[in-house]
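Colleague: To start, I am sharing the structure in question, which I have written as structure tokens.
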Amino acid sequence: QVQLVESGGGLVQPGESLKLSCLVSGFPIRLYNMKWYRQVSGNEREFVAHVGVRDDSNYADSVKGRFTISRDNAKNTVFLQMNNLEPEDTAVYYCRRGLSDYWGQGTQVTVSS
């Protein structure tokens, strides 16, 4: 059974950092591209970051230079390190297996002073 479980969200002040984790079971992430998305209530989910099977990565322009996606294949976990957080980063963050229908349940990130 495929499961993606995000964790690490919370409430932080502008300029602070958070590291999100996506623990995967049911398939080996080393064989798949993995992605992070985020969604603000009432809006569509938007792409945040991608990591490929060769550890190639790309990012949405809004997070480039502040966020870093990584993967630990041994732990079957994908990470999103978020630095210099801004109020506009407030959203529910989801991980996804490539462009599939496999998503996690999301973790809330709130950036507020």
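Colleague: What's the total number of residues in region 19-47 that are of a type in the set (A, V, I, L, M) and touching an Asp or Glu at 6+ places or on another chain (Cβ under 9 Å)?
Modeller: Going through region 19-47 one residue at a time, the tally reaches 4.
Colleague: So which residues in region 54-85 are charged (D, E, K, R) and surrounded by 15 or more Cβ atoms within 10 Å (Cβ to Cβ), if there are any at all?
Modeller: Within region 54-85, Arg66, Arg71 qualify.
Colleague: Would you confirm, using the coordinates I've provided, whether Ser57 is touching a His at 6+ places or on another chain (Cβ under 9 Å) and under 24 Å from Gln3 (Cβ atoms)?
Modeller: yes
Colleague: Restrict the check to region 95-107 and report whether at least one residue is touching a residue at least 40 places away in the same chain (Cβ under 8 Å), among the small types (Gly, Ala, Ser), open to solvent by 70 Å² or more (accessible area, probe 1.4 Å) and more than 14 Å from Gln3 (Cβ to Cβ).
Modeller: Looking for residues that are touching a residue at least 40 places away in the same chain (Cβ under 8 Å), among the small types (Gly, Ala, Ser), open to solvent by 70 Å² or more (accessible area, probe 1.4 Å) and more than 14 Å from Gln3 (Cβ to Cβ), one finds none in region 95-107, hence no.
Colleague: Which ones in region 83-113 are modelled with pLDDT of 95 or more, aliphatic (A, V, I, L, M) and out of contact with any Ser or Thr (no Cβ under 8 Å at 6 or more places or on another chain)?
Modeller: Residue satisfying the conditions is Ala91 alone.
One line per residue, one yes/no per condition, for (1) at pLDDT below 95; (2) out of contact with any helix residue (DSSP H, G or I) (no Cβ under 8 Å at 6 or more places or on another chain); (3) closer than 13 Å to Arg97 by Cα:
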| site | (1), (2), (3) |
| --- | --- |
| Leu20 | no, yes, no |
| Phe27 | no, yes, yes |
| Trp36 | no, yes, yes |
| Asn43 | yes, yes, no |
| Asp55 | yes, yes, no |
| Asp61 | no, yes, no |
| Phe67 | no, yes, no |
| Asn73 | no, no, no |
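Colleague: Right, here's the next one. Does region 47-84 hold any residues that are touching a residue at least 24 places away in the same chain (Cβ under 8 Å), under 15 Å from Pro28 (Cβ atoms) and not in a strand (DSSP E or B), and which are they?
Modeller: Asn73, Lys75, Asn76, listed by residue number.
Colleague: If a residue must be surrounded by 19 or more Cβ atoms within 10 Å (Cβ to Cβ) and of a type in the set (Gly, Ala, Ser), how many such residues does region 43-53 contain?
Modeller: 1
The values are calculated or read from the model by the stated rules, or taken from the named source; none is laboratory data. Keep in mind that what you see is a predicted model, and the values were worked out from it rather than measured. In this analysis, Cβ positions are derived from the backbone assuming ideal geometry, glycine residues included, and neighbour counts consider all displayed protein chains. All accessible areas refer to the heavy atoms of the entire protein, side chains included, with ligands and DNA or RNA removed. Shrake-Rupley method; radii C 1.70, N 1.55, O 1.52, S 1.80 Å.
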